[in-house]
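A.B. asks: First the structure, which I've put down as structure tokens, then a few questions once you've had a look.
The values are calculated or read from the model by the stated rules, or taken from the named source; none is laboratory data. Worth saying up front: this structure is predicted, and the values here are computed from it rather than measured. Cβ atoms come from the backbone with ideal geometry, glycine included; neighbour counts cover every protein chain shown.
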Amino acid sequence: MPVISVDILRGRTEAQKAALARELTDAFQRTCGSSRERIYVIIRDVPTENWAIGGEMCTNLPAPAPALAPEPPSSAAH
């Protein structure tokens with residue numbers, strides 16, 4: 001039973017987390033050949049006050065690091 005564990009900053013929508021779980025499951029199945037029913041994905045939402053970069057708490061950083069800055073919602077305009 002493979003377990004994929006992901007820690008992300010709190011703020012993603014349920015739809016984003018569901019899509020992430022599907023994509024991780026698909027990637028694991030493609031590369032390792034396990035059946036989908038046996039692949040577990042655990043997503044942990046971590047509050048900013050519990051996240052540090054380079055020894056500094058994110059709440060003390062002057063501006064969010066690019067990896068931590070929330071991305072603007074994508075527009076599906078065609």
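A.B. asks: Inspect all residues belonging to the range 10-22 and state whether any of them is surrounded by 12 or more Cβ atoms within 10 Å (Cβ to Cβ), assigned to a strand (DSSP E or B), out of contact with any helix residue (DSSP H, G or I) (no Cβ under 9 Å at 6 or more places or on another chain) and touching a residue at least 12 places away in the same chain (Cβ under 8 Å).
C.D. replies: No, because not a single residue in the range 10-22 is surrounded by 12 or more Cβ atoms within 10 Å (Cβ to Cβ), assigned to a strand (DSSP E or B), out of contact with any helix residue (DSSP H, G or I) (no Cβ under 9 Å at 6 or more places or on another chain) and touching a residue at least 12 places away in the same chain (Cβ under 8 Å).
A.B. asks: What's the total number of residues in the range 24-44 that are modelled with pLDDT under 95 and farther than 13 Å from Met1 by Cα?
C.D. replies: 0
A.B. asks: Could I ask something else about it? Take the residues in the range 23-46 that are aliphatic (A, V, I, L, M) and part of a helix (DSSP H, G or I), then tell me which one is nearest to Cys58 (Cα to Cα).
C.D. replies: Out of the qualifying residues, it is Leu24.
A.B. asks: Follow-up question, since we're still on this one. Mind counting the residues in the range 17-47 that are within 14 Å of the chain's Cα centre (by Cα) and polar (S, T, N, Q)? Give the steps one after another, and end with the answer.
C.D. replies: Quick first cut of the range 17-47, residues within 14 Å of the chain's Cα centre (by Cα) only: 17-25, 41-47.
Checking the rest, the ones that are also polar (S, T, N, Q) come to 25.
Looking only at that region, the number is 1.
A.B. asks: Take Ser75 and decide whether it is modelled with pLDDT under 90 and either over 15 Å from the mean Cα position of the chain (by Cα) or in a helix (DSSP H, G or I) (or both). Lay out the reasoning, then the answer.
C.D. replies: Details: modelled with pLDDT under 90: yes; either over 15 Å from the mean Cα position of the chain (by Cα) or in a helix (DSSP H, G or I) (or both): yes.
Taking the combined requirement at face value, the residue satisfies it.
A.B. asks: For the range 26-44, enumerate the residues that are of a type outside the set (A, V, I, L, M, F, W, C) and exposed (fewer than 10 other Cβ atoms within 10 Å of the Cβ).
C.D. replies: Of the range 26-44, the ones of a type outside the set (A, V, I, L, M, F, W, C) are 26, 29-31, 33-38, 40, 44.
Arg30, Thr31, Gly33, Ser35, Glu37, Arg44, listed by residue number.
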